[in-house]
Structure formats: structure tokens, C-alpha cells
Amino acid sequence: MIVPGSRSQALAASLAAALDDSLAVPAFDRFPDGETFAAVPDAVDAERAVIVAATPSNDAYVELLQLQDAVREAGVDEVVTVLAYMGYARQDRAFEPGDPISARAVARAVSTGTDRVVLVNPHEASIAEFFDVPCDVVDAASRLAVPLEELETPLEEPLFLSPDDGAVDIATTVRDAYGGGDVDYFEKTRHSGSEVSVEPSDAAVAGRDVVITDDIIATGSTMAESVAVLRERDANRIFTVCVHPLLARAARTRLEAAGVARVYGTDTLERDVSAVSVAPTLVGVL
Ligand code: R5P
């Protein structure tokens, strides 16, 4: 049985179809004091529950704990938790004395209600070690080639570019899945939570279609800066693609204002730019 979190209903449905498994219909509610409620009336008699949840907020984490507890209470033998997008993953170390390692704190909490975790493109693969149960990390970046392959006008001399060297593997994966093009990366400096600057590489971009790839678009600062640099250097169409289209604050507008041609993400977070599902990638580990 596939059990959707309230923010992962499309992905859960795609996964149920891909695995030919049943899809639970949870009851989601909120009490007058703001507390959340998530129940799984269909869970009775299921052998395995695969809970599919993105956790971009505190409420989403509580909802996940409730779904885990509900299926256990109903007598399910095995609980698998697919963290489509793991919130707090970027707080993966104590940056200042006294800071919490928030990614570890939430990982420990999630571990209490599950036999196994599947994590889609976490900020760092080492985050898997924070869980107290077996955790598989899956890389869904190759799925981002799908909307690019479907473009009416194919990419012209494509350059797949990551905004920093940390995301160059994603650029390479998307390029390989697309089937052609060059790969390069910028040097990024982060000045604050919403301000970054990028230093261009030597790659020739004039007249070329450029696909900027990253694991996540959060505030959009990284992508907007990269788009601006590429426009100054006369790139042709500029696409921004990411696994997790968080799109916080005015990120979407920021990208439009910067002059992006299209924004594509996956359904690890359900947004209007979620152009492709990661379900085919998840099938391999479920
Ligand atoms: C950073 O290491 C990540 O890969 C992303 O580049 C970053 O989190 C994006 O954040 P924002 O959209 O706020 O610039």
C-alpha cells in the first residue's frame, strides 16, 4: 500500500501506478488550536506501507510522524518512508557553537516510526547516516532530461551548467540522460540566505542554449544570479532545472524577472513547474 503525505499526493499516485500497488486515501484535518491530524483508515490488513512524504515544513514532519504511527497502530508489518524532499537537510552541521544539527534531529525522529527510509537527492548523501534505520539515497536527476527532450525546438549546442562545483554531478547526469552537450560549472559565493554571487567559467555560451542544473531552487538567488551572468554573455535560451522546486518567497518571479526561458522541476515538491515524476526512479528501490 502506498500512503501519501498531503504534499505528495501526485507522486504517491504515480508510484502506486508504477508498482501496481494500492493507494491509501488518508484523512487530513486540523484542530481548532492548529494541531494537525492525519489518519489512514485503509491501513488495516496491509502488509507493507510505503509512506511518501515531502517535509518542507514543521507541520509536514508532524503529519509524517502521524502517518507512520497510524499504519503501525493498524498492524502493518513493514513501514517504508520515502522522503521525497527532506526539509532541514541543509542544516547538516553546527555552523556556530551551540547550533543544533537539525537534519540529524529530524532524521532521528523520522527513524522512530519506520523500518527503512528512502531519500531523494538530499543536500549531501552523508545525511543518510543521521537515520537510525537503513536509508537508501536515490538520484532522480536523470528525470530532468524528460521535459528537455520534449521541447518543441530542440536545444541548440547545449551547455549543462551547475552554479557551483558541488552540483556538477547533477549537470553531468542530466547531460548524459539528454544524450549530448557540454558540462561546466560556476564558482558560487553565498553572502546570506538570499544573496549569492557567481563567477563565470571560461565556457563559451554566446548563442548557445544553457541548462542550469541544481538539486534545489529555494529562494531562487542562485539561479537568478546565474541567469543574469549568462544573459550578459549572450547565451541563447536559458533553462533552470532542479530536482526539488521549493520556490520559496518570490523565487518564481525572481527567475522570470532574470529572463529564464523555462523552469522545470520534479514532483518531489508539487509545484506548477513539476514537469516530471521521480516515480520511475523510486521503483528501483521499492
Ligand atoms: C546549495 O548548495 C544548493 O545546491 C542550492 O544551490 C541552494 O540551496 C539554492 O538556494 P537558493 O535558491 O536560495 O539560492
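Every read-out reported here was derived from the displayed coordinates using simple, explicitly stated rules and does not represent laboratory data. Since this is a predicted model, take the numbers as computed values, not measurements. In this analysis, Cβ positions are derived from the backbone assuming ideal geometry, glycine residues included, and neighbour counts consider all displayed protein chains.
What to note about this one:
- Most to least packed among 79-86, 274-281 [average Cβ atoms within 10 Å]: 79-86, 274-281
- Of interest is the spacing of the C-alpha centroids, which for region 117-138 and region 13-70 amounts to 20 Å.
- Highest-first arrangement of 154-167, 196-209, where packing means the average Cβ count within 10 Å: 154-167, 196-209
- Global form of region 142-267, assessed from the alpha-carbon gyration tensor, a/c cut-off 1.5: rounded
- Crossing angle, helix 221-232 versus the chain [Cα axis fit, 0-90 degrees, rounded to tens]: 20 degrees
- Crossing angle, helix 168-178 versus the chain [Cα axis fit, 0-90 degrees, rounded to tens]: 90 degrees
- Taking amide hydrogens as placed 1.01 Å from N in the peptide plane, the amide H of residue 40 sits under 5 Å from those of 27, each at least 5 positions away in sequence or on another chain.
- Highest mean packing first, where packing is the average number of other Cβ atoms within 10 Å per residue, the peptides 226-238, 256-268 line up as 256-268, 226-238.
- Helix axis angle, 9-19 relative to the chain longest principal axis, alpha carbon, degrees: 80 degrees
- Projected-area average for the chain over all orientations - Cα convex hull basis, square nanometres: 15.7 nm²
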